[in-house]
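Here the structure comes first, spelled out in structure tokens, and everything after it is commentary.
The values are calculated or read from the model by the stated rules, or taken from the named source; none is laboratory data. Note that the coordinates shown come from a computational prediction; the quantities given were computed from them, not determined experimentally. Cβ: placed from backbone, ideal geometry, glycine included. Neighbour counts: every protein chain shown.
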Amino acid sequence: MEKGKVEMIKLKDHYYIGKAKPDQYDIIIRYIRELADIEGDLDKVKLTRSELAQYIDQQLINCYIIEEREPDQTSSCPIGYAITYHSFSNFEGKVTYLEDILIRKSGIGIGTQVFKYLMSQAILDGSKRFEFGAYRSNTPAIDYYEHIGAPVVDDWINYRFNHLQMERFVESNNQSIKDGSELGEK
């Protein structure tokens, strides 16, 4: 393969997936915003194109673009994206986490092919698990994950501090924060 050329893998019919190229990062940011808007969280999107590029360059994330191509391969149109990264399980080792996925075409089997491709990449890179989540309100995603037989991990409760909450917790003389305000020890 030529240096700098990104290989696209055929998923099905005229649909392809491959690592996003720098000239596609704006498309990825647009899709991230679109997905956030669907989830009612558009105001929470802070990621910039330069940060996305930095995380990709540092290999902190893998960013994939999904395309529909003309039969003669002369033109293509992006129809989605996926972002994965690696985490760690002290029980099993390397884990691939699917942070985001958006496919603008449904009902044609592309989602299943994308999942198979991403899981095959996880297997190839030595991951022991492939994890992902969904907003409780995203019933189409939940229905799809149940349809493909994805087991629900119901013995975990996820917690999250946003940046401001992290700063407040670190700077606090107290041992906890709640609703952005510090609480004293009990």
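Before moving on, here are some points about what is shown:
- The number of residues in the stretch 25-67 that are within 16 Å of residue 101 (Cβ to Cβ) and outside any loop (DSSP other than H, G, I, E, B) comes to 19.
- Scanning the stretch 125-138 for residues that are part of a loop (DSSP other than H, G, I, E, B) and touching a residue at least 12 places away in the same chain (Cβ under 8 Å) returns 125, 126, 127, 128, 133, 135, 137, 138.
- Some residue of the stretch 87-108 being surrounded by fewer than 12 Cβ atoms within 10 Å (Cβ to Cβ), in contact with a strand residue (DSSP E or B) (Cβ under 8 Å, 6 or more places away or on another chain) and hydroxyl-bearing (Ser, Thr, Tyr): yes
- Some residue of the stretch 35-58 being of a type in the set (S, T, N, Q), modelled with pLDDT of 95 or more and within 22 Å of residue 123 (Cβ to Cβ): no
- Among the residues of the stretch 10-29, the ones that are among the charged types (D, E, K, R) and in contact with a helix residue (DSSP H, G or I) (Cβ under 7 Å, 6 or more places away or on another chain) come to 2 in all.
- Members of the stretch 85-111 found to be over 19 Å from residue 64 (Cα atoms), outside any loop (DSSP other than H, G, I, E, B) and either without any contact (Cβ under 8 Å) to a residue 24 or more places away in the chain or charged (D, E, K, R) (or both), listed by number: 88, 94
- Which numbered condition residue 107 misses (of (1) under 25 Å from residue 12 (Cβ atoms); (2) at pLDDT 95 or above; (3) of a type outside the set (Lys, Arg)): (2)
- Selected residue [assigned to a helix (DSSP H, G or I), within 19 Å of residue 64 (Cβ to Cβ) and modelled with pLDDT of 95 or more] from 141, 122: 122
- Cβ pairs under 9 Å, 6+ apart, first in the stretch 160-186 and under 24 Å from residue 45 (Cβ atoms) and modelled with pLDDT of 70 or more, second surrounded by 11 or more Cβ atoms within 10 Å (Cβ to Cβ) and charged (D, E, K, R): 161/168; 168/182; 169/182
- Qualifying position, being under 25 Å from residue 134 (Cβ atoms), hydroxyl-bearing (Ser, Thr, Tyr) and out of contact with any Phe, Trp or Tyr (no Cβ under 8 Å at 6 or more places or on another chain), among 75, 89: 89
- Qualifying residue in the stretch 35-46 (condition: under 13 Å from the mean Cα position of the chain (by Cα) and either outside the structural domain of residue 164 (by TED's automatic domain parsing) or surrounded by fewer than 18 Cβ atoms within 10 Å (Cβ to Cβ) (or both)): yes
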